[in-house]
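The values are calculated or read from the model by the stated rules, or taken from the named source; none is laboratory data. From a predicted model like this one, the values you see are computed outputs, not experimental measurements. Positions of Cβ are backbone-derived with ideal geometry, glycine not excepted, and every protein chain shown enters the neighbour counts. Areas reflect the complete protein model, heavy atoms only, side chains present, ligands, DNA and RNA absent. Shrake-Rupley method; radii C 1.70, N 1.55, O 1.52, S 1.80 Å.
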Amino acid sequence: MTATSAPTATRDLAALRHTAAHLLAHAVIDLFGEDVKLAIGPAIENGFYYDFLKDTPFVPEDLPRLEARMRELIAAGLHMEGRPVERAEAERYYRERNQPFKLEILASIPESEPITMYTIGTFTDLCRGGHVDNSRDVGAVKLLSIAGAYWRGDEHNPMLQRIYGTAFPTQAELDAYLAQLAEAERRDHRKLGRELDLFSIQDEAGPGLIFWHPKGGAVRRQMEDWLHEELVRRGYELVYTPHVMRLGLWEQSGHTGFYRDNMFSPIAVDKDRYQLKPMNCPGHILIYKSRLRSYRELPVRLAELGTVYRYERSGVLHGLLRVRGFTQDDAHIFCRPDQIEAEIAECVEFAREVLRVFGFERYEVELSARDPARPGEYAGTDEEWRRAEDALVTTLQRMDIPFRRQPGEAVFYGPKIDVKLVDAIGRPWQLTTVQFDFNLPRRFGLAYVAEDGSQQTPLMVHRALWGSAERFFGVLIEHYAGAFPVWLAPVQAVVLPITDDQLAYARSVAAALRAAGFRVELDDSNERLQKKIRTHQMQKVPYMLVVGKSEAAANTVNVRSRSGDQAALGLEDFSRRLAAEVAARR
Ligand SMILES: [Zn+2]
Ligand SMILES: [Zn+2]
């Protein structure tokens with residue numbers, strides 16, 4: 001397993017894509033005339049878009065035509081020409097062309113700021129700049145989709161039509177990206193979640209709330225069993241805390257101040273108000289505080305698969321990845337200053353073990369530090385921040401892990417290490433976080449009795465490795481494209497009798513394997529064998545055990561693996577092989 005540095009996002013790519021957005025608007029006007037109202041056209045993470053208002057909405061068939069026109073414009077080698085203009089001139093320009101959105105943008109530019117117009121070919125646009133010089137530099141373009149988008153993202157405003165596209169310097173790079181996009185679609189966890197019957201989100205229950213179906217639940221149980229064992233082995237203590245606690249506790253923790261927008265509204269109970277927990281930290285703090293602690297018993301490592309609820313706008317919810325209710329694999333470590341490096345190292349090591357066991361080969365590490373220009377905006381003293389950052393840096397260096405330092409990315413209460421795993425198709429996912437906290441120990445007056453009898457404040461570290469069970473499961477589904485390794489697979493083997501004559505034997509095979517602790521199904525449907533095999537291939541079951549007359553007579557199974565290999569094995573041999581594979585977590 002290797003840690004890699006993330007490729008740096010190139011400004012050039014953004015300039016190229018932003019220029020492509022101008023060319024898209026150019027093409028739209030060429031094809032549909034100047035009546036189309038223009039809004040904005042920025043570069044975005046993987047491409048660009050432009051928002052338009054058109055009387056008859058764009059249809060998918062328009063995209064290839066627009067794309068063809070854009071290619072002509074690219075091939076023409078048009079120069080991008082920018083010039084500063086007087087506000088009055090820009091206003092006149094857009095009033096003559098009846099472009100209300102552009103006039104609104106103009107009005108929102110402060111008097112002190114310069115106004116620039118950029119022309120490429122016959123199309124002039126109000127823009128701050130950030131382009132490539134020549135349309136040829138745009139390289140290769142592809143228009144991807146049409147979507148509705150409210151003007152300025154506000155649902156009270158008119159609905160515009162957004163055309164998404166992407167652009168790359170070369171056709172080869174564009175092709176590679178489109179292939180990756182298709183692969184990502186094939187792996188989409190929402191699609192696979194339905195097809196493999198893993199989970200659902202039910203409108204009747206509410207957005208962002210996950211129902212784990214039996215098959216998803218089977219995967220989760222394997223995830224949790226492994227984690228629990230590992231936690232105990234590593235000296236964590238497992239705890240359980242309530243899902244609702246008095247609002248006053250969240251006032252003391254500061255959540256009602258800095259975290260209010262992310263919390264569900266309080267619940268009135270008797271004469272009091274209770275808060276559905278958005279985090280597990282205060283609960284673990286109350287357990288730490290429940291008695292006097294001596295320096296001898298530190299570090300205290302409290303772990304919980306803690307279910308939390310957070311308010312997210314419905315527009316940002318996304319399958320298992322962005323939800324309103326989720327279970328964090330949370331832990332809080334309370335330790336002495338002399339223990340902190342060892343504790344950080346242990347967290348990072350544990351994170352690497354999670355990645356290894358769940359089949360990820362690469363990861364990236366980021367260290368989020370304080371913004372040195374704004375020292376007043378953070379909890380904790382300069383000295384504490386310096387020591388905490390030193391501890392993080394020293395630990396990573398000692399473990400020989402390359403990392404990127406991100407000044408200004410720390411939260412106000414402490415520096416942190418984030419580990420992003422890289423999945424099977426090269427996408428990074430932010431999951432693990434190991435975070436110092438100078439804030440909560442003070443707010444709750446946490447203490448331990450030091451060797452000299454004095455009362456000291458312990459250091460506190462928050463850490464989650466999966467991040468959450470839901471998010472990690474979503475990433476696993478996409479990483480494996482639904483074909484989970486045997487130890488995680490919801491159904492590890494399915495028994496397929498060729499005819500009803502082998503039904504009794506098939507039942508005994510399934511029963512024997514279940515008794516040995518495996519997750520096994522029997523397909524006794526009336527379908528033909530080929531149809532059954534196809535069905536279970538689609539369900540990505542690791543092993544199909546075909547049993548006919550000769551298998552029944554010899555007490556064997558004909559094993560067809562997911563990869564297509566076939567072998568006749570004695571039932572005992574197959575059971576041993578499966579057990580070995582599960583134990584090795586291959
Ligand atoms: Zn521009
Ligand atoms: Zn926490």
**Request:** Would you be so kind as to identify which of Ala469, Pro407, Leu459 lies farthest towards the positive end of the dipole of the range 343-498, taking Lys and Arg as +1 and Asp and Glu as -1 on Cβ and the Cα centre as origin?
**Result:** Ala469
**Request:** Could you check how much of the accessible area of the range 265-422 is carbon and sulfur, as a whole percent, using a 1.4 Å probe?
**Result:** 46 percent
**Signed unit charges on C-beta, dipole axis of the range 160-287, positive-most listed residue Ala184, Ile285, Gly235** = Ile285
**Request:** Could you rank the peptides 104-114, 407-417, 127-137 by their average count of other C-beta atoms within 10 Å per residue, with the highest value first?
**Result:** 407-417, 127-137, 104-114
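Taking a probe of 1.4 Å, how large is the accessible area per residue of the range 310-388, in Å²?
About 41 Å² of surface per residue is accessible.
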**Item:** Pairwise label distance in nanometres, Leu286 with Thr499, each label 7 Å out on the Cα-Cβ vector
**Value:** 6.7 nm
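Give, in nm to one decimal, the length gained when the segment between Leu529 and Ala584 is fully stretched (0.36 nm per residue of separation minus the Cα-Cα distance).
Result: 16.7 nm gained on full extension.
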**Message:** Can you compute the FRET efficiency between Phe211 and Ala184 using 1/(1 + (r/R0)^6), with r the Cβ-Cβ distance and R0 = 22 Å? Round to the nearest 0.05.
**Reply:** 0.35
**Asked** Quick one: net charge of Arg374's neighbours, Cβ under 13 Å, K/R +1, D/E -1?
**Response** -3
**Request:** Just subtract the alpha-carbon distance of Gln406 and Glu195 from 0.36 nm times their residue separation and send over the number in nm, one decimal.
**Result:** 72.0 nm
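Report, to the nearest whole %, how much of the accessible area of the range 432-480 belongs to carbon and sulfur atoms, 1.4 Å probe, protein only.
43 percent
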**Message:** How large is the direction-averaged shadow of the alpha-carbon convex hull of the range 1-110, in nm²?
**Reply:** 10.6 nm²
**Request:** Determine the share of the range 114-165's accessible area contributed by carbon and sulfur atoms, expressed in whole percent, with a 1.4 angstrom probe.
**Result:** 45 percent
**Reach of Lys532 by Cα under 24 Å, taken over lysines that are not fewer than 8 positions away in the same chain** = Lys191, Lys215, Lys540, Lys549
**Request:** Counting only C-alpha contacts under 8 Å and six or more residues apart, can you give the relative contact order of the range 36-182 as a whole percent?
**Result:** 29 percent
**Request:** Taking the Cβ of Phe199 as the centre, find all other residues whose Cβ is under 11 Å away and add up their charges (Lys, Arg: +1; Asp, Glu: -1).
**Result:** +2
**Asked** Taking the mean number of other Cβ atoms within 10 Å as a proxy for protection, how do you rank 385-398, 568-581 from highest to lowest?
**Response** 385-398, 568-581
**Message:** How compact is the range 512-586 by the rule of thumb for globular proteins, expressed as Cα Rg over 2.2 N^0.38 Å?
**Reply:** 1.09
**Message:** So, taking all protein chains as they sit and a 1.4 Å probe, how much accessible area belongs to Tyr164, in Å² rounded to tens?
**Reply:** 70 Å²
**Message:** More than 14 angstrom separation, counting every C-alpha pair in the range 437-505; what % is that?
**Reply:** 77 percent
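For the full complex of protein chains and a 1.4 angstrom probe, list Tyr240, Tyr448 by accessible area with the highest value first.
Tyr240, Tyr448
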**Request:** With no solvent and one equal point scatterer per Cα, compute the Debye intensity ratio I(q)/I(0) for the range 297-362 at 0.23, 0.24 Å⁻¹ and report its log10, rounded to two decimals.
**Result:** -1.01, -1.03
**Prompt:** Which residue, chosen from Val357, His79, Asn46, occupies the Cα position most advanced towards the positive end of the dipole of the chain, where the dipole is computed from +1 (Lys, Arg) and -1 (Asp, Glu) charges on Cβ about the Cα centre?
**Reply:** Val357
**Complete:** Calc'd 3J(HN,Hα), the range 394-404, phi into Karplus 6.51 cos²θ - 1.76 cosθ + 1.60 (θ = phi - 60°), Hz, glycine/Pro = x, comes to 4, 4, 5, 5, 4, 7, 6, 9, x, 8, 9
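Tell me, what is the FRET efficiency for Ser561 and Ser112 to the nearest 0.05, using R0 = 60 angstrom and their Cβ-Cβ distance as r? Kindly include the intermediate steps, with their values, before the conclusion.
On the way: r = 69 Å, r/R0 = 1.15.
In this case the efficiency is close to 0.30.
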**Request:** Compare the peptides 340-352, 548-560 by average per-residue count of other Cβ atoms within 10 angstrom and give them in order, highest first.
**Result:** 340-352, 548-560
**Request:** With the Cα gyration tensor of the range 68-156 in hand, convert its eigenvalues to equivalent ellipsoid semi-axes via √(5λ) and list them largest first in whole Å.
**Result:** 25, 20, 12
**Complete:** So, relative contact order of the chain in percent, Cα under 8 Å, 6 or more apart, is 11 percent
**Fill in**
Long-range alpha-carbon pairs in the range 302-407, meaning those over 22 Å apart, account in percent for 52 percent
**Prompt:** To the nearest Å, what is the center-to-center distance of the range 151-197 and the range 319-368, using C-alpha atoms only?
**Reply:** 30 Å
**Prompt:** Per the Kirkwood definition applied to all pairs of different Cα atoms, how many angstroms is the hydrodynamic radius of the chain?
**Reply:** 28.2 Å
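Pull up the DSSP beta bridges for the range 208-335 and report the antiparallel fraction as a percent, rounded to 5.
For the range 208-335, the DSSP antiparallel bridge percentage is about 90.
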**Prompt:** Solvent-accessible area per residue for the range 415-468 at a 1.4 Å probe radius, Å²?
**Reply:** 32 Å²
**Complete:** Length gained if Glu34 through Gln397 is fully extended, taking 0.36 nm per residue and subtracting the Cα-Cα distance, is 124.8 nm
**Asked** For the pair Ala515 and Met538, what calculated FRET efficiency results from E = 1/(1 + (r/R0)^6), where r is the Cβ-Cβ distance and R0 = 45 Å, to the nearest 0.05?
**Response** 0.95
**Request:** Compute the signed sum of charges (Lys and Arg +1, Asp and Glu -1) over the other residues within less than 14 Å, Cβ to Cβ, of Leu24.
**Result:** +1
**Between the range 463-507 and the range 258-291, the alpha-carbon center distance in angstrom** = 37 Å
**Message:** What's the magnitude of the charge dipole for the range 493-586 around its Cα centre, counting Lys and Arg as +1 and Asp and Glu as -1 at the beta-carbon? Answer in Debye, nearest 20.
**Reply:** 400 debye
